[in-house]
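A short write-up of the structure that comes next.
The values are calculated or read from the model by the stated rules, or taken from the named source; none is laboratory data. No experiment lies behind these values; they were computed from the predicted model shown. Backbone-built Cβ (ideal geometry, glycine too); neighbour counts: all protein chains shown.
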Amino acid sequence: MTAPTFVEAARDALEHHLAIDDRVMVLGEDVATGGPFGLTKGLSQRFGTERIRNTPISEGAVMGVAVGLALGGRRPFVDLMFNDFVTLASDQLFNHAAKLHYTSGGRRPVPLTVWTIGGAGTRWGAQHSQRLDGWLTQVPGLKVLAPSSPVAAAGAVRVALDDPDPVVVLADRTLLYSRSCLPRDGASPWRSRIVQAGTDLTLAASGRLVHLALDAAATTGASVEIIDVQRLAPLDCDLVVESVSRTGRLLVLHDEAWCGATAATLVAAVSERAFWALDAPPRRLTSPATPIPAAAVLEDAYMVGGDAILAAINEMVNG
Amino acid sequence: MSQHVICADPALLLEPMLRARRFDELLIANAGEIRGHYHVSIGLESTAAALARLHRAGDTVTTTYRNHAHLAALGSDLAVMFAEVLGRDLGPQRGRAGSTHLIDPTVGVLHTSAMVSGGVPHALGLAFAGSRARPGSVAFCFFGDGAFGEGAVHESLNLAALWRLPVVFVCENNGLRHGDQANAFQSAASLVAIAEAHAVAGVAVDGRSPAAVYEAMERLTAEVRGSAGPRFLDDQAPQWEGNRTMFPHDATGRTAIEDATRTDGDSWHAHDDPVLAECRRLLSGGVPLDELMRVDARVSAIADEALSRARAAPVAPPEAALADVVAAP
């Protein structure tokens, strides 16, 4: 049997939860007809349009409806389609979903899952390619997972639907139809995981960049420890800090502008907690601080790529 | 509209209105003890009283930063409300919510948004979940006229009608008409016209008349409970002048029930105060002034005792700030 793609694995996990938990509902644009990327294929046929509900193009209200459903005892799963659309749903996500448990004095959890795809690589231009991790991870009360493989995607959907808090599953655009598995794929989606052990350098990445890191590391003579940072919020730094205390070097890859939060926070955590173990300045490879261009050549130049990763590893280990 | 007679019983509307009024008056009188901002509901007690009478077990309520009257009228513990506004450690919210996010799940107020229009779509989700779990239950959704400036209200009206959700939308409208417009910021002729453009039937009512508000809201709520889909009430209540400043101020003095016997002069109490309007209705229905005074004395004593109980509670401890960020850390 062919291994499932990232989207198929996530879909199967969603279907499983719909079958075992009748509180689970799916809301989004075109979800009753399979979803724009196939995430909800066949679900309305099995579970009906009462639970697999097409919505108007009203991201703000729909996210608010989902918050209300969660307050009312349901477990809504919102397909927010593109990560860029977080902007339209941001009041409900940031000012409401993330804060209700706190302001209610712990009496009202908000079990809400948001699935959203982000990242450049498919030439969709400046408003349909962003990763707004920095925004999502700045608001205490939201949990953010960035799965890197089909198994991890299924795991992220599973734990998000089981969790009492709002969880955003940030799916990497270029992984959607990938079948590539990773070592230690069965690890908890909540925790950073070592996908390759090494002694010369710690390379922290998430999503598609984990795969690029593995490829780059395979072509260098250096012994690279690759850590898949699966939980972006609250950012799971511990394993990275522990690893750097052994390797003495840190390279962070992230698909955000250099001023984005995730890579900078990892570097800050290592600087604070493993500073005296460092043999070299920590380094980040991120996107430049520009909107995302549409043309293939331009977008490729914008994205963190394998050659840059390889060069950075070699410079850090040999330099 | 058919006029059926609401009985001349002070417990029906006056008592919940007074709970709200005395609560807010005490807050203003003791404003020096409040560190942050707060909003009062003075002049908007008609809808709160109607809510208190129409609310049934299983119904939910979304309100706004101007939430005091809704909670007080529904019978929420005034001491817990005072404590939360004063930053005291008495209720589960432990000073983390403040005036603008008051809740009481025991009366169906599960969360209160302080973002203009923020709670409106929540009512749809609550109506969906609630009506499936308990057919006939409704979500009462309160918001101000300013919320019509936000897209969420228009999106929610449309979606509620599209999905025939049992939502009673209540706009506490203290905006002034502006020529042919509903108000200075809406080009539509009326707020009801906007709701009806989204296929949500609605009616406007004079918010200064608690009995008229009750009758209108009762009819709309019955239609919503009967699965007719959402309805909209435009509750037209003139703004109380004490709300025209950044912080509420004592613009009209402590409400005196005996003033209900007077309608002379051009004071707010003489013409626009819904509490005294209800007193007048009761007086004309044969209820003696003495009885109204007794009801007020009882409610005022409850409010005074609640404030004392809140003051006696300890100040919320710093460590409370760090708890309950998420349910599963």
Margin query: So, in segment A:188-224, how many residues would count as being modelled with pLDDT under 95 and either of a type in the set (S, T, N, Q) or surrounded by 18 or more Cβ atoms within 10 Å (Cβ to Cβ) (or both)?
Written below: 1
Item checked: Sole exception among (1) touching a Pro at 6+ places or on another chain (Cβ under 9 Å); (2) within 30 Å of A:A97 (Cα to Cα) for A:A204, by number -> (1)
Checklist line | Selected residue (criterion: surrounded by the fewest Cβ atoms within 10 Å (Cβ to Cβ)) from residues of segment B:119-166 that are of a type in the set (V, I, T) and within 10 Å of another protein chain (Cβ to nearest Cβ) | finding: B:V153
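Residue-by-condition table, conditions (1) within 22 Å of B:Y214 (Cα to Cα); (2) surrounded by fewer than 15 Cβ atoms within 10 Å (Cβ to Cβ); (3) under 23 Å from the mean Cα position of the chain (by Cα); (4) within 14 Å of another protein chain (Cβ to nearest Cβ):
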position	(1), (2), (3), (4)
B:D272	yes, no, yes, no
B:R281	yes, no, yes, no
B:V287	yes, no, no, no
B:E305	no, yes, yes, no
B:A323	no, yes, no, yes
B:P329	no, yes, no, yes
Item checked: Selected residue (only one of A:I292, A:I309, A:I313 is in contact with a Ser or Thr (Cβ under 9 Å, 6 or more places away or on another chain), surrounded by 16 or more Cβ atoms within 10 Å (Cβ to Cβ) and outside any loop (DSSP other than H, G, I, E, B)) -> A:I313
Note to self: If I go through segment A:16-69 residue by residue, how many of them are modelled with pLDDT of 95 or more, part of a loop (DSSP other than H, G, I, E, B), more than 13 Å from chain B (Cβ to nearest Cβ) and surrounded by fewer than 19 Cβ atoms within 10 Å (Cβ to Cβ)?
What the structure shows: 6
Note to self: Return the pair list, or none, for Cβ contacts closer than 6 Å from residues in segment B:191-214 that are among the acidic types (D, E) to residues that are in a helix (DSSP H, G or I) and crowded, with 17+ Cβ neighbours inside 10 Å, at least 6 apart or on different chains.
What the structure shows: B:D206/B:A212
Item checked: Qualifying positions in segment A:174-184 - touching a helix residue (DSSP H, G or I) at 6+ places or on another chain (Cβ under 8 Å) and either at pLDDT below 95 or surrounded by fewer than 17 Cβ atoms within 10 Å (Cβ to Cβ) (or both) -> A:Y177, A:R179, A:S180, A:C181
Notebook entry, point to check: Any residue at all in segment A:162-169 that is within 30 Å of B:D89 (Cβ to Cβ), over 12 Å from the mean Cα position of the chain (by Cα) and free of Cβ contacts under 8 Å to residues at least 12 places away in the same chain?
Noted result: no
Check: Can you pull out the residues in segment A:217-234 that are outside any loop (DSSP other than H, G, I, E, B) and under 23 Å from A:A269 (Cβ atoms)?
Finding: A:A217, A:V224, A:E225, A:I226, A:I227, A:D228, A:R231, A:L232, A:A233
Notebook entry, point to check: A:W115 is checked against (1) of a type outside the set (D, E); (2) touching a Phe, Trp or Tyr at 6+ places or on another chain (Cβ under 8 Å); (3) more than 8 Å from chain B (Cβ to nearest Cβ); (4) within 30 Å of B:M81 (Cα to Cα) and fails just one. What number does that condition carry?
Noted result: (4)
Next item on the list: Please specify each residue of segment A:188-216 satisfying the condition of being within 23 Å of A:R173 (Cβ to Cβ), part of a strand (DSSP E or B) and free of Cβ contacts under 8 Å to residues at least 60 places away in the same chain.
Entry: A:R193, A:V195, A:A205
Note to self: When you check B:A83 against the structure, is it more than 20 Å from B:G32 (Cα to Cα), at pLDDT 95 or above and among the hydrophobic types (A, V, I, L, M, F, W, C), yes or no?
What the structure shows: no
Notebook entry, point to check: Filter segment B:61-118 for residues that are closer than 20 Å to A:V65 by Cα and of a type in the set (S, T, Y); which is nearest to the other protein chains (Cβ to nearest Cβ)?
Noted result: B:S113
Notebook entry, point to check: Just checking, which of A:W124, A:W135 is in a loop (DSSP other than H, G, I, E, B) and of a type in the set (F, W, Y)?
Noted result: A:W124
